[in-house]
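I have placed the structure first, in the form of structure tokens, so that the comments after it can refer back to it.
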Amino acid sequence: MNTQFKEYNLDKRIIQAILDCGYLSCTEIQRQSLPLLLEGKNCLIQSKTGSGKTAAFCIPLIEAIDFDDPTSALILAPTRELAQQIQHEFNRLAIYKKINCVCLIGRQDFQKQALQLKQKAHVIVGTPGRVFDHLESNNINMDNIKTLILDEANEMVTLGLLEQVETIVADLPEHKTWLFSATMDSELLLSKLNVNDANIITIDSPLEISNQIDTYHIKTNDKENVLLDICTHCKIESMCVFVNTREDTKKITMLLQKQKYLCSILHGGMEQKERTQSLAKFKQGKTRILVSTDIAARGIDVDQITTVVHYDCPLTIDSYIHRSGRTGRKDEQGTSITLISKDDTSSIKNQILDETEAFIIPSETVDNHLNKSVHKEDKDSTFNSKNTHLFIRAGKKDKIRNLDVVGALCSLEQFNSDNIGIIDIQQNYTTVTLLNIDQSQIEDLQAVKIKGKNRKVELKIK
């Protein structure tokens, strides 16, 4: 069934953002969940990765919030990368309604986050640990929270985060709860969060991999050479290689880099800036292979990943499903290959052997040019052509306020109030989202007079 977003009578500004995102019609999870979420019902929703879950909860959330509202929703995610991705998707869809989502994750500037919370923070997304830290510092006012969302909810249990989530939820006023995941232990989560009337939507079996992913195994006691053979003999656009330890990410990355392959590495011991940069290079096609622990198994949305290799056999069925789900996204077909040695102790090793075919590596050599970057189309290209970010070299220490910025920009002939989106005032600088601006009209802009002083500005295309 081809359902259009306009059928839900959404705010025209949301429809514009949806079109700019390139979403032509609803996915199945969106078609089934939007009517319930728009009515504000409690929901537990399970669907495969890459099915459009993030947009499914962002759209009704944005529809329900007005610019003048206080902080109205809290979104919790198990990993920093997933929280950042949710914020990115939310702010794309909310850009024309000027609804702001602030991201709270560890290993990023705590004081900068605190300043963002004191401004317009309509929605908060974050990892439980950092959200809890801000609550303890009285940086978050939860009095008006109307919606709680847990994305990849079951992973909260797996990672031992549920107790912290319960502590956070205990401070919330009466609210609706939306739980999303590709796998789900529904009874435990609903009881822990005291949700008694949830509408349960299941699109796919939680214990099955998408039929868009071909699954295989290879029995081998020489995983390094088998991995190199896969790179040499199998057609690969981009590839994720999953291992179980941080040490092995470094070892496998060095193995691949010796072949001059362009690799990104991702593990929990890296600084957040390094993690973000490494993942960005992979998304952009500057690197072709991502070697990662399970932190990249959930919520990482990268186009054209043709192959997933489980170098180390995953330890749980959840991990196997989520790792494999990095490929075969949207309408793409993908391949998932598990390397299994006699020393593997994973409890699901035999299940994988029983339920997947043995993979035979082709004899022909394929030049995948894994030593060369590829151009991946930026899914934000439409946004980037219409919306930019202005960086102003003045901030809180200069006693700059939102009204000062709006007044200064509206005094210029290039701008009116409709062009001014979210304003973020930090200690030494300010960023302003500019909406529907012809960049040729402002590319020569070098300064803006604010509070009687010329402040240097830079145009930053995001």
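At-a-glance table
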quantity: Residue match in the stretch 237-246 (condition: among the aromatic types (F, W, Y), outside the structural domain of A297 (by TED's automatic domain parsing) and in a strand (DSSP E or B)); calculated: no
quantity: Count - residues of the stretch 23-46 that are loosely packed, with under 15 Cβ neighbours inside 10 Å and either touching a Ser or Thr at 6+ places or on another chain (Cβ under 7 Å) or of a type in the set (V, I, T) (or both); calculated: 1
quantity: Segments classed as strands (runs of 3 or more DSSP E), wholly inside the stretch 47-154, with at least 1 members that are in the same structural domain as R31 (by TED's automatic domain parsing) and in contact with a Cys (Cβ under 7 Å, 6 or more places away or on another chain); calculated: 123-126
quantity: Residues being of a type in the set (F, W, Y) and either surrounded by 15 or more Cβ atoms within 10 Å (Cβ to Cβ) or more than 18 Å from Q439 (Cα to Cα) (or both) - total across the stretch 388-416; calculated: 1
quantity: Odd one out for L434, checked against (1) touching a residue at least 24 places away in the same chain (Cβ under 8 Å); (2) more than 30 Å from Q257 (Cβ to Cβ); (3) out of contact with any Ser or Thr (no Cβ under 6 Å at 6 or more places or on another chain); calculated: (3)
quantity: Single match in V169, V165, V102, V131 (criterion: surrounded by 18 or more Cβ atoms within 10 Å (Cβ to Cβ) and either within 15 Å of the chain's Cα centre (by Cα) or not hydrophobic (A, V, I, L, M, F, W, C) (or both)); calculated: V102
quantity: Residues that are β-branched (V, I, T) and more than 24 Å from the chain's Cα centre (by Cα), drawn from the stretch 1-18; calculated: T3
quantity: Any hit, the stretch 405-413, residues being of a type in the set (D, E) and at pLDDT 95 or above; calculated: no
quantity: Residue ID - farthest from Q85 (Cα to Cα), chosen from residues in the stretch 160-178 that are touching a helix residue (DSSP H, G or I) at 6+ places or on another chain (Cβ under 9 Å) and in a loop (DSSP other than H, G, I, E, B); calculated: D171
quantity: Looking only at the stretch 48-73, and only at residues there that are polar (S, T, N, Q) and farther than 23 Å from R329 by Cα, the one that is surrounded by the fewest Cβ atoms within 10 Å (Cβ to Cβ); calculated: S72
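The values are calculated or read from the model by the stated rules, or taken from the named source; none is laboratory data. Just so you know, these numbers come straight off a predicted model, no measurement behind them. No Cβ is skipped: glycine too gets one built from the backbone with ideal geometry, and neighbour counts run over all protein chains shown.
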